[in-house]
Amino acid sequence: MKLSELHPKKNPAYSPNLYRWMRKHGAITREWIEMYKSDDGRTYLGTLEADPVVKEFCGTVIGSILTEGGRAEDYCHMGLTAKNLTKVEGFWEEYLRIGRCALDKDHYIYGDERWDETGDTRVCKWCGRVEMRERYTFTEQRERWVYDAEVQS
């Protein structure tokens, strides 16, 4: 697959920042870039070096890519190796299908551009997820320490 197929003009669900990062870092095709999860739960895009001894990871945290785009820097991460990274199988197929929702499955980011709202219902334009607005009252008891002079007045 060519990088041009991931251009946001082809599908508004595709991330402009991911596209910029890939273009800046010479990703003419996406074959060498994969998504990995580390043991501590962080998500990275990049590649494991081919050196059979080291197998060091080069890339960056997905959050940096999504917020900084082409300004996000690649690093060879000492200590991130095949031993503590797990490749996310099927990432690119899912990204082609649902775009940025593959990167933000909980739908926390991207704001209003992502949703079609009608009354108390909203539908994600990219993956079709439906959410209902829930209204509730929240009561909270609080306490604090006060200086004796405040109590006297």
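What residue among 13, 82, 102 shows peak mean-square fluctuation when the chain is described by a Gaussian network model with Cα springs under 10 Å? Its mean-square fluctuation being the largest, the pick is 82. Annotation for segment 58-118: trypsin sites (Lys or Arg not before Pro) lying in DSSP loop with at most 16 further Cβ atoms inside 10 Å of their Cβ are 83, 105.
Considered as an equivalent ellipsoid built on the Cα gyration tensor, the chain has semi-axes of 38, 26, 14 Å, the largest given first. Largest mean-square fluctuation among 91, 57, 138, in a Gaussian network model of the chain whose springs join Cα atoms under 10 Å apart, belongs to 138.
Would you give the gap between the C-alpha center of segment 5-24 and the C-alpha center of segment 55-107, rounded to a whole Å? Centre-to-centre (Cα) distance: 14 Å.
Cross-link list 9/55; 24/55; 10/87; 37/125; 10/83; 2/37: which exceed 29 angstrom alpha carbon to alpha carbon? The answer is 9/55; 10/83. Comparing 36, 108, 44 in a Gaussian network model of the chain, where Cα atoms under 10 Å apart are tied by springs, the biggest mean-square fluctuation is seen for 108.
Of the residues 121, 85, 7, the one whose Cα sits farthest towards the positive end of the charge dipole of the chain is 7 (charges of +1 on Lys and Arg Cβ, -1 on Asp and Glu Cβ, taken about the Cα centre).
Every number here is computed from the coordinates shown, using simple stated rules; none is lab data. Keep in mind that this is a model prediction, so the values were computed, not measured. All Cβ positions, even for glycine, are placed from backbone atoms using ideal geometry, and neighbour counts span all protein chains on display.
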